[in-house]
Amino acid sequence: MTRPLFAAFVMLGLVGFGYYAQAEKGDNPQAKDDLIALQQKRIELLEERVSTIERYVKANVGSRSDMVAAQMDVVNARLDYAQSNDQKQSLLSELLKMYDQQIEVAEVKTLAPISPGRSAKNDLAADSRLLLLRSERIRIQIERDMLD
């Protein structure tokens, strides 16, 4: 048997084994339950993070922008595990609203009058953040519109 033919048989065997292993993995209800539990745990931890940041915001220690960013992480986690296009569209629409809030805050920061304590480095960070938020908002809108 020539080497290319032998290599082809080996590759076919590996592909077949891969399909078999994937099929076995998909038939295990315990593994599926464990995966769902891990997904839920991730979302719960992110929700706990939102609550923690919210407490700091109420105490005037944290910013509203930080809280919205944490809420966006929760929505993104839910989006990771959404099953239907309707769920995904709803979550993406929610995310767009949050991006609008973040963009509004970032615009205020970039339009603030220059003060003696403000550095060019802070201006660069604010301008960069605003452009990144606008870009990400467009990406989310494209993703949502592609689900139609």
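Screening Met1 against (1) at pLDDT below 85; (2) assigned to a helix (DSSP H, G or I) leaves a single unmet condition, (2). The set of residues from the stretch 44-65 being open to solvent by 80 Å² or more (accessible area, probe 1.4 Å) and either charged (D, E, K, R) or assigned by the TED database to the domain that holds Tyr99 (or both) comprises Glu44, Glu48, Arg49, Arg55, Lys58, Arg64.
Conditions (1) of a type in the set (A, V, I, L, M); (2) under 14 Å from the mean Cα position of the chain (by Cα); (3) modelled with pLDDT of 95 or more, marked per residue:
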position: Val61; (1), (2), (3): yes, no, no
position: Ser65; (1), (2), (3): no, no, no
position: Gln71; (1), (2), (3): no, yes, yes
position: Asn76; (1), (2), (3): no, yes, yes
position: Leu79; (1), (2), (3): yes, yes, yes
position: Leu92; (1), (2), (3): yes, yes, yes
position: Lys97; (1), (2), (3): no, no, yes
position: Asp100; (1), (2), (3): no, no, yes
position: Val105; (1), (2), (3): yes, no, no
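Entry remark, the stretch 47-74: residues being under 19 Å from Leu96 (Cα atoms) and aliphatic (A, V, I, L, M) number 7 in total. Within the stretch 119-136, one or more residues are of a type outside the set (A, V, I, L, M, F, W, C) and touching a residue at least 24 places away in the same chain (Cβ under 8 Å).
For every residue, the table says whether it meets (1) open to solvent by 40 Å² or more (accessible area, probe 1.4 Å); (2) outside the structural domain of Ile43 (by the TED database); (3) part of a helix (DSSP H, G or I).
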| site | (1), (2), (3) |
| --- | --- |
| Met67 | no, no, yes |
| Gln71 | yes, no, yes |
| Val75 | no, no, yes |
| Leu96 | no, yes, yes |
| Ala106 | no, yes, yes |
| Lys109 | yes, yes, yes |
| Arg129 | yes, yes, yes |
| Arg134 | yes, yes, yes |
| Arg137 | yes, yes, yes |
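The values are calculated or read from the model by the stated rules, or taken from the named source; none is laboratory data. Computed from a prediction, not measured in an experiment: that's the story for all the values here. Here Cβ is always computed from backbone atoms with ideal geometry, including for glycine, and neighbour counts include all displayed protein chains. When the accessible area is computed, the model is the full protein with side chains, heavy atoms only, and any ligands, DNA or RNA have been set aside. Shrake-Rupley method; radii C 1.70, N 1.55, O 1.52, S 1.80 Å.
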